[in-house]
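*Asks:* Below: one structure in C-alpha coordinates.
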Amino acid sequence: MEIANCRVRLSKVGSDTPLSNVTPAEVMLLHILHSSSNGGLTFGEEFEKITVMGKALVEVNEKLRDRTDAEELRRLTAKYGSARDQKNNPIINSIWPDKFNPKLPQTFKELNWTEIGGAGIETAAMNYATGSLATPNVAAHAAVHAAKPVAPVAKPTVSDED
(Lines give C-alpha, C1' and ligand atoms only; values in the text may rest on other atoms or scores of the structure.)
Protein backbone atom coordinates (compact mmCIF):
# COMPACT_ATOMS: atom_id res chain seq x y z
CA MET A 1 0.00 0.00 0.00
CA GLU A 2 1.50 3.33 -1.09
CA ILE A 3 1.90 6.41 1.11
CA ALA A 4 2.33 10.02 0.02
CA ASN A 5 2.28 13.60 1.30
CA CYS A 6 -0.40 15.97 0.03
CA ARG A 7 -2.59 18.95 0.88
CA VAL A 8 -6.33 18.60 1.43
CA ARG A 9 -8.66 21.48 0.56
CA LEU A 10 -11.28 22.09 3.21
CA SER A 11 -13.30 24.77 1.39
CA LYS A 12 -13.88 26.36 -1.99
CA VAL A 13 -11.89 29.46 -1.04
CA GLY A 14 -8.68 27.47 -0.81
CA SER A 15 -8.33 26.76 2.91
CA ASP A 16 -6.11 23.70 3.01
CA THR A 17 -3.92 21.68 5.33
CA PRO A 18 -0.87 19.50 4.68
CA LEU A 19 -1.07 15.79 5.38
CA SER A 20 1.78 13.33 5.45
CA ASN A 21 1.95 9.57 5.02
CA VAL A 22 -1.58 9.26 3.64
CA THR A 23 -2.70 6.06 1.95
CA PRO A 24 -5.00 5.77 -1.09
CA ALA A 25 -7.83 4.65 1.22
CA GLU A 26 -7.35 7.72 3.44
CA VAL A 27 -7.39 9.98 0.38
CA MET A 28 -10.61 8.34 -0.79
CA LEU A 29 -12.22 8.86 2.64
CA LEU A 30 -11.05 12.48 2.86
CA HIS A 31 -12.49 13.22 -0.59
CA ILE A 32 -15.89 11.85 0.48
CA LEU A 33 -15.74 13.84 3.74
CA HIS A 34 -14.73 17.20 2.24
CA SER A 35 -15.95 17.26 -1.37
CA SER A 36 -19.32 18.82 -0.48
CA SER A 37 -17.62 21.84 1.11
CA ASN A 38 -14.81 22.26 -1.42
CA GLY A 39 -16.74 21.83 -4.65
CA GLY A 40 -15.23 18.41 -5.35
CA LEU A 41 -11.67 19.76 -5.42
CA THR A 42 -10.43 18.02 -2.28
CA PHE A 43 -6.89 17.73 -3.56
CA GLY A 44 -7.02 20.05 -6.54
CA GLU A 45 -4.71 19.84 -9.51
CA GLU A 46 -1.71 19.21 -7.27
CA PHE A 47 -2.88 15.64 -6.78
CA GLU A 48 -2.05 14.84 -10.39
CA LYS A 49 1.59 15.50 -9.47
CA ILE A 50 1.62 13.44 -6.28
CA THR A 51 4.91 11.81 -5.38
CA VAL A 52 4.67 8.46 -3.66
CA MET A 53 6.93 8.52 -0.60
CA GLY A 54 7.04 4.78 0.03
CA LYS A 55 4.96 1.94 1.37
CA ALA A 56 2.79 1.71 4.49
CA LEU A 57 4.67 -0.55 6.87
CA VAL A 58 4.19 -1.89 10.39
CA GLU A 59 6.83 -3.15 12.77
CA VAL A 60 6.38 -6.65 14.13
CA ASN A 61 9.09 -8.27 16.27
CA GLU A 62 11.60 -5.61 15.19
CA LYS A 63 10.94 -6.38 11.50
CA LEU A 64 8.99 -4.29 9.01
CA ARG A 65 6.20 -5.72 6.88
CA ASP A 66 3.46 -4.30 4.65
CA ARG A 67 0.36 -2.95 6.41
CA THR A 68 -2.65 -5.15 5.68
CA ASP A 69 -6.04 -3.81 4.55
CA ALA A 70 -7.57 -4.77 7.90
CA GLU A 71 -4.83 -2.88 9.79
CA GLU A 72 -5.33 0.17 7.58
CA LEU A 73 -9.09 0.06 8.12
CA ARG A 74 -8.56 -0.07 11.90
CA ARG A 75 -6.18 2.92 11.65
CA LEU A 76 -8.70 4.92 9.59
CA THR A 77 -11.53 3.98 11.97
CA ALA A 78 -9.50 5.21 14.94
CA LYS A 79 -8.70 8.47 13.13
CA TYR A 80 -11.98 9.20 11.31
CA GLY A 81 -14.52 6.95 13.07
CA SER A 82 -16.56 9.91 14.31
CA ALA A 83 -17.32 11.11 10.76
CA ARG A 84 -21.04 10.53 10.19
CA ASP A 85 -23.51 10.52 7.34
CA GLN A 86 -26.89 12.28 7.29
CA LYS A 87 -28.45 9.36 9.22
CA ASN A 88 -25.73 9.59 11.89
CA ASN A 89 -24.08 6.32 10.80
CA PRO A 90 -20.28 6.05 10.55
CA ILE A 91 -19.22 6.97 7.00
CA ILE A 92 -16.37 4.50 7.07
CA ASN A 93 -18.94 1.66 7.36
CA SER A 94 -20.68 2.88 4.19
CA ILE A 95 -17.43 2.94 2.23
CA TRP A 96 -16.02 -0.39 3.48
CA PRO A 97 -18.82 -2.46 5.04
CA ASP A 98 -16.71 -5.66 5.15
CA LYS A 99 -14.63 -5.35 8.34
CA PHE A 100 -13.18 -8.85 8.13
CA ASN A 101 -11.89 -8.85 4.55
CA PRO A 102 -11.86 -5.23 3.33
CA LYS A 103 -10.55 -4.44 -0.15
CA LEU A 104 -8.81 -1.08 0.01
CA PRO A 105 -7.02 0.64 -2.87
CA GLN A 106 -3.29 -0.08 -2.81
CA THR A 107 -2.04 2.61 -5.21
CA PHE A 108 -3.03 6.20 -5.92
CA LYS A 109 -3.44 5.38 -9.61
CA GLU A 110 -6.29 3.02 -8.67
CA LEU A 111 -8.43 5.91 -7.40
CA ASN A 112 -11.32 6.71 -9.72
CA TRP A 113 -12.32 10.28 -8.78
CA THR A 114 -15.59 10.13 -10.73
CA GLU A 115 -16.64 6.96 -8.94
CA ILE A 116 -15.56 8.27 -5.53
CA GLY A 117 -17.36 11.58 -6.06
CA GLY A 118 -20.53 9.77 -7.09
CA ALA A 119 -20.54 7.37 -4.14
CA GLY A 120 -23.82 8.90 -2.94
CA ILE A 121 -22.64 9.21 0.66
CA GLU A 122 -23.87 12.48 2.17
CA THR A 123 -21.80 13.60 5.11
CA ALA A 124 -23.33 15.20 8.16
CA ALA A 125 -22.52 18.87 8.62
CA MET A 126 -19.70 19.41 11.08
CA ASN A 127 -19.37 22.29 13.50
CA TYR A 128 -15.63 22.83 13.19
CA ALA A 129 -15.60 25.25 16.16
CA THR A 130 -16.89 22.63 18.59
CA GLY A 131 -15.95 19.45 16.74
CA SER A 132 -19.52 18.17 17.04
CA LEU A 133 -21.85 16.97 14.32
CA ALA A 134 -24.79 19.08 13.24
CA THR A 135 -27.18 16.17 12.78
CA PRO A 136 -30.77 16.19 14.11
CA ASN A 137 -29.88 13.53 16.72
CA VAL A 138 -26.90 15.50 18.00
CA ALA A 139 -28.82 18.78 17.96
CA ALA A 140 -31.69 17.23 19.95
CA HIS A 141 -29.22 15.73 22.42
CA ALA A 142 -27.50 19.08 22.86
CA ALA A 143 -30.82 20.85 23.44
CA VAL A 144 -31.75 18.43 26.22
CA HIS A 145 -28.39 18.88 27.92
CA ALA A 146 -28.00 22.62 27.35
CA ALA A 147 -26.73 24.59 30.31
CA LYS A 148 -29.48 26.21 32.32
CA PRO A 149 -29.01 29.83 33.42
CA VAL A 150 -27.60 30.22 36.91
CA ALA A 151 -29.09 32.73 39.34
CA PRO A 152 -26.68 35.54 40.23
CA VAL A 153 -24.85 35.11 43.52
CA ALA A 154 -25.35 37.88 46.09
CA LYS A 155 -22.21 39.88 46.83
CA PRO A 156 -20.96 39.58 50.40
CA THR A 157 -21.26 42.76 52.40
CA VAL A 158 -18.37 44.16 54.38
CA SER A 159 -19.06 46.08 57.55
CA ASP A 160 -16.83 48.56 59.36
CA GLU A 161 -17.83 47.17 62.76
CA ASP A 162 -15.30 44.30 62.70
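*Asks:* Filter the stretch 86-105 down to the residues that are within 12 Å of the chain's Cα centre (by Cα) and surrounded by fewer than 18 Cβ atoms within 10 Å (Cβ to Cβ) and list them by number.
*Replies:* Of everything in the stretch 86-105, just one residue is within 12 Å of the chain's Cα centre (by Cα) and surrounded by fewer than 18 Cβ atoms within 10 Å (Cβ to Cβ), namely Pro90.
*Asks:* Evaluate the stretch 11-19: report whether one residue or more is buried (at least 16 other Cβ atoms within 10 Å of the Cβ), modelled with pLDDT of 80 or more and not in a helix (DSSP H, G or I).
*Replies:* No, the stretch 11-19 contains no residue that is buried (at least 16 other Cβ atoms within 10 Å of the Cβ), modelled with pLDDT of 80 or more and not in a helix (DSSP H, G or I).
*Asks:* Then there is this: Return the only residue of Thr51, Thr68, Thr77 being at pLDDT below 85 and polar (S, T, N, Q).
*Replies:* Of the residues listed, the single one that is at pLDDT below 85 and polar (S, T, N, Q) is Thr51.
*Asks:* Residues of the stretch 67-98 being small (Gly, Ala, Ser) and not in a loop (DSSP other than H, G, I, E, B), which ones?
*Replies:* Of everything in the stretch 67-98, those that are small (Gly, Ala, Ser) and not in a loop (DSSP other than H, G, I, E, B) turn out to be Ala70, Ala78, Ser94.
The values are calculated or read from the model by the stated rules, or taken from the named source; none is laboratory data. Quick caveat, the model's predicted, so the values are computed rather than measured. Positions of Cβ are backbone-derived with ideal geometry, glycine not excepted, and every protein chain shown enters the neighbour counts.
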